[in-house]
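Contents: one structure, followed by commentary.
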């Protein structure tokens, strides 16, 4: 729930938070989440300037001596000669400030500040005692989060403050009061400090009530041992990151790997309190609800806040189901709770609100992967009911991006149901009304729903959705040999070009035809037949990578439609693995390595070169580094992993015994080196393995996959394609 860190920039969703090259720190805030922010704190000395805003009281800082690591941040405020250290529990931020000698030390609570996504509508701060304050701030609604959303806090100091004061606007200070409130309100606490004296501050938050914020504080941080919390936070991160242990490779590759793995766990936030209370904003009025409790009266899972699962079938769905099934289970429970509350399985909820971010119903691939890998500690019947509802007119697919009206129209489901494809030119509010992208994603989502229906014994539904999964063929234009958007009258759109110098091109969401033409993850055999066979398809795909490599496999200047391969955004992040389906796995091995080399920068200027989307690109990087992937997202009734060459000599994945039989799955290599990406031979549990894929059933039992690598391709190994919709495993 708490994500305490420095804010160098505080305005705009896309350019706020901690930006490495910004010269000043404006505050330390406690919430950095999907459409959520709040509770800005800043220590200062000298003249009290809190009421003048962050431009007045911000401080210069330097990266020299700065420490930033999971669970801890240390930085020096040069303006005030104050050392700042930050750590946290799940719901409580813990600050340690080391002051110079001064009679005018202040800690500002700028509760009414503008943070990230929009202005604060109202805030209040109240003095409880000479060591404690409490309050709340109401985040203004956004186009994504349609309701004003409160956050409550309780803050406690390690020593008494001399004075409590504040401001209710930016023109004057208020003293000798115990309560402040207003649109631009804030508070200050005045201390007298000796040289190098440390002041500790605990700030607990809640999205439900002051009482629950205080309960969170008492339950998680009843003591004042900062170093203990730092150690416990580090230990917790080590335990989570230690679920995968790698050996070999370069130091930079290991740094990149664990940074990626950290990102895959970092982006999505807890909303519920220690007692399980969480906010429900799905109805006309806000309500407080509670998650299911276990026999001991403890919450079975947290309730989560998260961006859409758009594209997560090639990243988080795969990684979490392998390594963190309990987290996947918790998110499934959250989505089922929201279905019970508001009538829809969500697409990226924020603060208990539906946001309708992006397009389609990507939750269905998440659930299908979870269920078919044995992750099922939620109301499965309700989950299926909600997902089936989403697949028809009136479900969440009908909501275009951020379309909050009801009934919704912008998702085009009335077209999809009647004719099997969504045209261009759909009117009304909302964004991402890109018919070709919607059609392709709906077809994949129908296949995922068919897999879930089949597993649940709903054979009629399985047949219906399996048939609808072939709707991608309605967009194939034999003349252009691309997935080609169509007008409402059925004609192909004019002035069509597969690549264009833009963020997106007509018909495609943040992408283009060159990339989305490959978006048939459930039926690669069918797509390859449209191309005229494996030879034609693999030659075309290879040409895309050859053309995309000089651009670093991303669109120039974040223009996703300007390239042939884009690993800076979700729609094309499976492409290097598609050669496995065309009978040329050595090209998958080659291009996966090349993509990883393009994304190997571990400086502050490296990273993901696009939209990292709350850990999705980190998870993708982990999967490519360990040499396992699932083009169909793992949603099949019989999930399987496709093999490429790992970066490391040894990868050990610790399995969660509450979900899986085995203790660990190990991947080892011999002759591994930068110039040896090609698989020569494979053994699985000591026996020769000639397929480029193996089942999740084998994975979850534990075992060892061993790969011998070389400088030249072995064009005889692994040429049998993995199964897909029109070429299942039993019909080869």
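Numerical summary
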| read-out | value |
| --- | --- |
| Which listed residue, of 600, 580, 656, is touching a helix residue (DSSP H, G or I) at 6+ places or on another chain (Cβ under 9 Å) and outside the structural domain of residue 507 (by TED's automatic domain parsing) | 656 |
| Residue 280 vs. criteria assigned by TED's automatic domain parsing to the domain that holds residue 397 and more than 25 Å from residue 439 (Cβ to Cβ) | yes |
| Within segment 204-231, considering residues that are without any contact (Cβ under 8 Å) to a residue 24 or more places away in the chain and farther than 15 Å from residue 154 by Cβ, the one nearest to the chain's Cα centre (by Cα) | 231 |
| The listed residue being at negative phi, touching a strand residue (DSSP E or B) at 6+ places or on another chain (Cβ under 8 Å) and modelled with pLDDT of 95 or more, out of 578, 628 | 628 |
| Residues of segment 683-693 satisfying the condition of being out of contact with any strand residue (DSSP E or B) (no Cβ under 6 Å at 6 or more places or on another chain) and touching a residue at least 12 places away in the same chain (Cβ under 8 Å) | 686, 690, 691 |
| Candidate set from segment 324-343 (those that are within 15 Å of residue 387 (Cβ to Cβ) and either assigned by TED's automatic domain parsing to the domain that holds residue 146 or in contact (Cβ under 8 Å) with a residue 60 or more places away in the chain (or both)); member that is surrounded by the most Cβ atoms within 10 Å (Cβ to Cβ) | 331 |
| Failed condition for residue 130, given (1) closer than 23 Å to residue 180 by Cα; (2) touching a strand residue (DSSP E or B) at 6+ places or on another chain (Cβ under 6 Å); (3) surrounded by fewer than 18 Cβ atoms within 10 Å (Cβ to Cβ) | (2) |
| Lone unmet requirement of (1) closer than 14 Å to residue 586 by Cβ; (2) not in a loop (DSSP other than H, G, I, E, B) for residue 714 | (2) |
| Leading residue by the ranking (surrounded by the fewest Cβ atoms within 10 Å (Cβ to Cβ)) among those in segment 297-323 that are assigned to a helix (DSSP H, G or I) and touching a strand residue (DSSP E or B) at 6+ places or on another chain (Cβ under 8 Å) | 323 |
| Verdict on residue 642 being touching a strand residue (DSSP E or B) at 6+ places or on another chain (Cβ under 7 Å) and buried (at least 23 other Cβ atoms within 10 Å of the Cβ) | yes |
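The values are calculated or read from the model by the stated rules, or taken from the named source; none is laboratory data. Note that this is a predicted model, so its numbers are computed, not measured. Positions of Cβ are generated from backbone atoms using ideal geometry, with glycine treated the same way; all protein chains shown enter the neighbour counts.
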